[in-house]
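Contents: one structure, followed by commentary.
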Amino acid sequence: MEYRLPILADEDILAEYVREHYLHQENSISASLGLIESDFDDWVEKINRNATIGDCEWGKSLLYLCFDQQMLIGLLSIRYNLPKELSKKYGDIGYGVRPTKRNKGYATAMLKYALSVCKEKGLTEVVLGCYKDNVASSATIKKNGGVLFGEEDGYKKGKVSAYYLIKL
């Protein structure tokens, strides 16, 4: 797989990725950092700025487009500079896979890659969260060494979030 930051020329690729989510009745895009609510040029600028300068609240982060051959498979968010309180609430890593490519091992590969990046950045452990009823994401986290350490009402009303710790 190829992992890279978005560029302006990716607009059509990302629009098609979003369309697929909508066709599957998914109105939010995991790990997108506001892609569907933002002007595309501003979004690309923000993602690239977060990778180099960072954000005063969230620190430095990477948002990678994940490709297999020429197809955008998913998005991978690596928040390796988060303050502890935000790490425990939102997690250090987020990922999403396009609906037609799920259950093919892509999320597991993406998370494995993210863990290697976090280790390179000097982290010794990371927190990941998913909704308790998201069996696939929970399995992905566990395959990569995740150990459940807590559950609480999620930031989305009526959803319980499960939190996992992975030691690097």
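The values are calculated or read from the model by the stated rules, or taken from the named source; none is laboratory data. Computed from a prediction, not measured in an experiment: that's the story for all the values here. Every residue, glycine as well, gets a Cβ built from its backbone with ideal geometry; the counts of neighbours run over all protein chains shown.
Tally time: how many residues in segment 49-60 are in contact (Cβ under 8 Å) with a residue 24 or more places away in the chain, part of a loop (DSSP other than H, G, I, E, B) and surrounded by 13 or more Cβ atoms within 10 Å (Cβ to Cβ)?
Qualifying residue count for the region: 2.
Kindly indicate whether any position in segment 74-93 is more than 17 Å from LEU33 (Cβ to Cβ) and of a type in the set (Val, Ile, Thr).
Taking every residue of segment 74-93 in turn, none turns out to be more than 17 Å from LEU33 (Cβ to Cβ) and of a type in the set (Val, Ile, Thr).
Just to be sure I understand, how many residues within segment 1-48 are assigned to a strand (DSSP E or B) and of a type in the set (Phe, Trp, Tyr)?
So the count comes out to 1.
Which one of these does TYR80 not meet: (1) hydroxyl-bearing (Ser, Thr, Tyr); (2) touching a strand residue (DSSP E or B) at 6+ places or on another chain (Cβ under 8 Å); (3) surrounded by fewer than 20 Cβ atoms within 10 Å (Cβ to Cβ); (4) not in a helix (DSSP H, G or I)?
Unmet for TYR80, out of (1) hydroxyl-bearing (Ser, Thr, Tyr); (2) touching a strand residue (DSSP E or B) at 6+ places or on another chain (Cβ under 8 Å); (3) surrounded by fewer than 20 Cβ atoms within 10 Å (Cβ to Cβ); (4) not in a helix (DSSP H, G or I): (3).
Limited to segment 102-157, what total is found for residues that are assigned to a loop (DSSP other than H, G, I, E, B) and either modelled with pLDDT under 95 or more than 16 Å from the chain's Cα centre (by Cα) (or both)?
Final tally of qualifying residues: 14.
With respect to TYR106, determine if the residue is aromatic (Phe, Trp, Tyr) and in contact (Cβ under 8 Å) with a residue 60 or more places away in the chain.
Yes, satisfied.
Which residue, of GLY74, GLY96, GLY91, is touching a Lys or Arg at 6+ places or on another chain (Cβ under 7 Å), under 24 Å from HIS24 (Cβ atoms) and in contact (Cβ under 8 Å) with a residue 40 or more places away in the chain?
Selected residue: GLY74, the only one of GLY74, GLY96, GLY91 that is touching a Lys or Arg at 6+ places or on another chain (Cβ under 7 Å), under 24 Å from HIS24 (Cβ atoms) and in contact (Cβ under 8 Å) with a residue 40 or more places away in the chain.
Please determine, by comparing only the residues of segment 72-128 that are aromatic (Phe, Trp, Tyr) and touching a helix residue (DSSP H, G or I) at 6+ places or on another chain (Cβ under 8 Å), which one is nearest to GLU2 (Cα to Cα).
Among residues in segment 72-128 that are aromatic (Phe, Trp, Tyr) and touching a helix residue (DSSP H, G or I) at 6+ places or on another chain (Cβ under 8 Å), the one nearest to GLU2 (Cα to Cα) is TYR95.
Hey, among SER32, SER28, which residue is surrounded by fewer than 15 Cβ atoms within 10 Å (Cβ to Cβ) and under 15 Å from the mean Cα position of the chain (by Cα)?
SER28
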